[in-house]
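Remarks on the structure that follows.
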Amino acid sequence: MPGYGFIHDKLEIKFLILYIAARVIEPVPFDTMLELTLCDDAIDYFDFSDCLADLVKTEHLTLSDEGLYAITDKGRRNSEICESNLPYSVRQRCDRNLADCNRRLRRKSQVKASSVRRPNGTWTVSLSLSDDMGSVMELDLMMVQEEMARGVEKRFRQSPERLYSQIVNLLLSDAPEDADGGKPSPESGDQ
């Protein structure tokens with residue numbers, strides 16, 4: 001049974017779904033759309049699900065083969081016309097949730113880590129970090145075990161900026177390669 005809230009019928013739920021779809025920075029799966037739409041206590045799962053399916057049927061939204069929902073031009077036009085019908089408090093709560101969701105989506109698209117097994121049994125871990133301007137860092141590392149590769153991926157996703165900063169600091173440090181500033185030492189036999 002729906003709780004108390006400001007959304008009273010399926011038409012308003014559709015307005016809310018379009019409002020959300022027009023503001024997410026990339027297509028999102030069903031669960032994300034549900035989470036964002038349940039910002040009002042009067043909305044229940046079944047009404048939401050029906051409305052979402054109706055919006056796809058009426059071509060206000062598209063559903064990709066990967067299960068991602070995106071707004072169409074028709075949906076965007078109707079969202080702009082109808083958004084003022086949504087209660088202000090619902091839009092405010094929705095905007096806060098959207099800001100958090102878009103932050104997570106942006107972060108996910110800017111930080112990538114993956115592993116591929118090589119023919120010799122080792123692993124290549126590919127790490128990349130980008131920002132709004134483009135690529136910041138791309139790094140491929142060889143790991144001897146899958147567990148090591150997965151661990152590197154996980155740690156990179158947790159704090160890629162720290163790793164980037166440490167690499168840059170290391171590369172820009174003034175420490176000479178050895179005591180002679182890079183020249184072979186007499187002990188090495190390379191005279």
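Number of residues in region 85-94 that are farther than 13 Å from Ile13 by Cα and surrounded by fewer than 14 Cβ atoms within 10 Å (Cβ to Cβ): the value is 3. Scanning region 101-115 for residues that are in a helix (DSSP H, G or I) and either open to solvent by 70 Å² or more (accessible area, probe 1.4 Å) or in contact (Cβ under 8 Å) with a residue 60 or more places away in the chain (or both) returns Cys101, Asn102, Arg103, Arg104, Leu105, Arg106, Arg107, Lys108, Ser109. Close contacts from region 136-161, counting a first residue that is touching a residue at least 12 places away in the same chain (Cβ under 8 Å) and a second that is outside any helix (DSSP H, G or I) and open to solvent by 50 Å² or more (accessible area, probe 1.4 Å), with Cβ to Cβ under 8 Å and a gap of 6+ residues or different chains, come to Met142/Arg118; Glu146/Arg117; Val152/Leu141; Glu153/Ser114. Residues being among the β-branched types (Val, Ile, Thr) and within 26 Å of the chain's Cα centre (by Cα) are entirely absent from region 73-84. When residues in region 33-72 are screened for being open to solvent by 50 Å² or more (accessible area, probe 1.4 Å), over 21 Å from Ala99 (Cα atoms) and under 23 Å from the mean Cα position of the chain (by Cα), 4 of them pass. Taking the criterion of being touching a helix residue (DSSP H, G or I) at 6+ places or on another chain (Cβ under 8 Å) and open to solvent by 40 Å² or more (accessible area, probe 1.4 Å), the only residue of region 156-174 that qualifies is Leu163.
Got at least one residue in region 78-89 being assigned to a helix (DSSP H, G or I), touching a residue at least 60 places away in the same chain (Cβ under 8 Å), among the hydroxyl-bearing types (Ser, Thr, Tyr) and in contact with a helix residue (DSSP H, G or I) (Cβ under 6 Å, 6 or more places away or on another chain)? Write out each step before concluding.
Here is the first cut: in region 78-89, the residues assigned to a helix (DSSP H, G or I) are 78-85, 88-89.
The next check asks that each one be touching a residue at least 60 places away in the same chain (Cβ under 8 Å); those that pass are 78-79, 82-83, 85, 89.
Within this subset, residues satisfying the condition of being among the hydroxyl-bearing types (Ser, Thr, Tyr) are 79, 89.
With the extra rule that they be in contact with a helix residue (DSSP H, G or I) (Cβ under 6 Å, 6 or more places away or on another chain), the set shrinks to 79.
Taking every residue of region 78-89 in turn, at least one turns out to be assigned to a helix (DSSP H, G or I), touching a residue at least 60 places away in the same chain (Cβ under 8 Å), among the hydroxyl-bearing types (Ser, Thr, Tyr) and in contact with a helix residue (DSSP H, G or I) (Cβ under 6 Å, 6 or more places away or on another chain).
Out of all the residues in region 70-115, which are among the hydroxyl-bearing types (Ser, Thr, Tyr) and over 23 Å from Asp41 (Cβ atoms)? Hits for region 70-115 are Thr72, Ser109, Ser114, Ser115. The set of residues in region 1-40 being free of Cβ contacts under 8 Å to residues at least 24 places away in the same chain, part of a loop (DSSP other than H, G, I, E, B) and of a type in the set (A, V, I, L, M, F, W, C) consists of Leu38 alone.
The values are calculated or read from the model by the stated rules, or taken from the named source; none is laboratory data. Keep in mind that this is a model prediction, so the values were computed, not measured. Methodologically, a virtual Cβ is constructed for each residue, glycine included, from the backbone with ideal geometry; neighbour enumeration extends over all protein chains shown. Calculation scope for accessible area: heavy atoms of the full protein, side chains included, ligands and nucleic acids excluded. Shrake-Rupley method; radii C 1.70, N 1.55, O 1.52, S 1.80 Å.
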